[in-house]
1. Starting at 0 and stepping by 10 Å, how many percent of the alpha carbon pairs of region 133-281 end up in each bin?
2. In which sequence would 45, 232 go, from the one with the fewest C-beta neighbours within 10 Å to the one with the most?
3. Per 10 Å bin, what is the whole-percent P(r) computed from every C-alpha pair distance within region 195-284?
4. In nm², what is the average projected area of the convex hull enclosing the Cα atoms of region 32-296?
5. If R₀ is 51 angstrom, what is the calculated FRET efficiency for the pair residue 288 and residue 216, using the beta carbon separation as r and rounding to 0.05?
6. Provide, for q = 0.19, 0.25, 0.35 Å⁻¹, the log10 of I(q)/I(0) from a solvent-free Debye sum over equal Cα point scatterers in region 244-285.
Ligand SMILES: Nc1ncnc2c1ncn2[C@@H]1O[C@H](COP(=O)(O)OP(=O)(O)OP(=O)(O)O)[C@@H](O)[C@H]1O
């Protein structure tokens with residue numbers, strides 16, 4: 001079945017002409033599955049508790065939560081950087097941590113905080129502060145489809161002569177994004193990657209992601225605090241609060257999102273309600289602060305530490 005693409009951001013009419021595929025149109029297993037995932041850092045209370053989620057291929061999921069809610073932690077777990085049970089996190093029906101091929105092949109790509117300092121590509125991190133030409137970095141990646149590479153260079157308006165130690169933050173970020181997208185990933189995890197881009201660059205990139213999902217069936221999870229232009233971009237939403245997934249659903253099933261209100265205002269309402277509830281709880285019982293998700297455990301509370309979860313980190 002052919003499904004018309006979502007209307008690209010910033011333009012008035014659909015521009016994709018290729019045959020496209022929407023979420024749920026594939027017979028393959030879900031691209032991302034969480035089964036009662038819980039996670040605690042060493043010496044801390046669980047930051048994530050009992051998270052379950054299913055994202056079909058082709059979906060674009062917005063990951064929402066207040067500062068410290070656990071978005072980065074969740075993306076890093078999905079990226080296979082922390083060891084969790086083989087069934088707790090399945091990417092393309094494979095265990096995220098244990099199946100090293102997922103990242104080394106580029107099928108699973110994570111553009112996150114470490115990546116904002118370096119370039120993470122197919123599991124390797126390359127420092128990006130040196131006096132290197134953008135073209136040398138981009139063309140240095142082997143096994144890349146030349147058409148895809150040129151498309152990304154054009155899309156991101158990259159000048160191949162740029163010296164990476166002498167460009168602006170936004171220009172450097174464009175090169176990083178290009179590097180991260182060169183291989184045709186199946187699952188892409190984005191942690192606040194568009195903060196430095198100007199509005200046109202950001203909207204063009206978001207439209208490119210729509211095409212990636214609808215034409216290739218790629219799946220994207222995007223954690224951000226910038227909601228401009230995302231109302232028509234997202235297909236699914238996941239809201240993390242108090243260590244749990246408070247909402248996770250296709251956008252069509254989230255009543256507030258059908259109201260026509262700006263996403264910014266809707267999320268503001270959720271986060272303000274969360275903050276007020278937390279303040280009220282802690283005013284009634286000051287000890288509640290000590291049991292917040294992710295709070296440090298008292299030193300003598302060794303038996304509570306979930307140390308078997310925390311011994312392995314793949315940076
Ligand atoms: N290495 C660590 N050791 C212990 N606690 C950590 C570690 N990294 C993060 N945390 C804690 O885990 C919680 C979740 O952090 P995380 O970075 O995942 O949140 P976030 O939702 O991405 O926040 P933000 O929106 O500010 O980026 C926070 O309380 C944080 O202090």
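Just so you know, all these numbers are worked out from the coordinates, no wet-lab data involved. The model shown is predicted, which means the values in this text are computed figures rather than measured ones. All Cβ positions, even for glycine, are placed from backbone atoms using ideal geometry, and neighbour counts span all protein chains on display.
1. Pairs per bin, as whole percents: 9, 34, 30, 17, 8, 1.
2. Values: 45 20, 232 14.
With the fewest neighbours first, 45, 232 line up as 232, 45.
3. Bin by bin from 0 Å, the calculated values are 13, 41, 32, 10, 3, 0.
4. Details: hull surface 58.7 nm².
Averaged projected hull area, Cα only: 14.7 nm².
5. Values: r = 46 Å, r/R0 = 0.91.
Given R0 = 51 Å and the Cβ-Cβ separation, E is 0.65.
6. -0.67, -0.91, -1.16
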